[in-house]
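Down below is the structure, laid out as C-alpha cells.
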C-alpha cells in the first residue's frame, strides 16, 4: 500500500538514506499519483540529493494538486534559490508565507532571497544576454510541488561564476535571462524545440558554458528570443 511505502520512505529520510527514500516515495506515487504530500516529500529528498530541478518539478505538482500546501511552496522556494532563480523563489516563498504566516522558515528564506537578489542587482554585469521567449506551454503531467517533515534551513552563497541566470517558467510563459561579462553575440547559441531550451556560450580559449533547464511542458514553436549586448 502507498501508506506503507510512505512510512518506510519517511524512516529512510530521517536516517539520511535519501536515495532509498526517493525510491520509496516514487513507488508510493505509482500507487497514489494524486497525493500532494508524497510529491512534496519526494521533492525534499531531491533537495537533499542536490537535484534541484526535479525538486521544483515535484513542488509544482504538489501545488497543482493542493494549492494550500504551504510546505510545497517552501520546498519550491528552497530549490529555486539553489538554482539561482531568485524571482521564482521569492514568489513561491511569499505565497507559502501567506498560507503559513507563523512559519519562521519562510521569514528566514525570504530575507536570504532578498539579500541575494540585492547583491545580484548590485553586481549586474556589463554585458547581458537576455533570453525572453514568451511561449504557450501545456502544463506537464509530472510537474509538482514539495512537502517535507524535517526541514533544515540551508545557507546559500552567491556564485562567483562569470555567468549568472534568472529563470522563470509558468504554465503560460517562459523567461530566461543570462548575464555575462564582455560577451559578443556571435559566441552565443540558442537552441529550442517543443520540450527543450538550450543556451551555449563558446568563447575561444575558454571553457564553454551550457544552460539547459528542464521545461514544465511543451513549448509553442513560435517561441522567440533576443540577445542584448549593451
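Each value in this text was obtained by applying a stated rule to the coordinates, not by laboratory testing. On a predicted model such as this, the values are computed, not experimentally measured, just so you know. Cβ sites come from the backbone with ideal geometry, for glycine too, and all protein chains shown count toward neighbours.
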Between residue 210 and residue 115, what is the label-to-label distance in nm when each label sits 7 Å out along the Cα-to-Cβ direction?
3.4 nm
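Can you give me the relative contact order of segment 1-129 as a percent, contacts being Cα pairs under 8 Å and 6 or more apart? Walk me through the numbers on the way to the answer.
Numbers: 166 pairs, mean separation 19.7, N = 129.
RCO, segment 1-129: 15 percent.
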In nm, to one decimal, how far is the residue 7 label point from the residue 185 one, both placed 7 Å along Cα→Cβ?
6.3 nm
What distance in nm separates the simple spin-label points at residue 34 and residue 49, each placed 7 Å from Cα in the Cβ direction?
2.7 nm
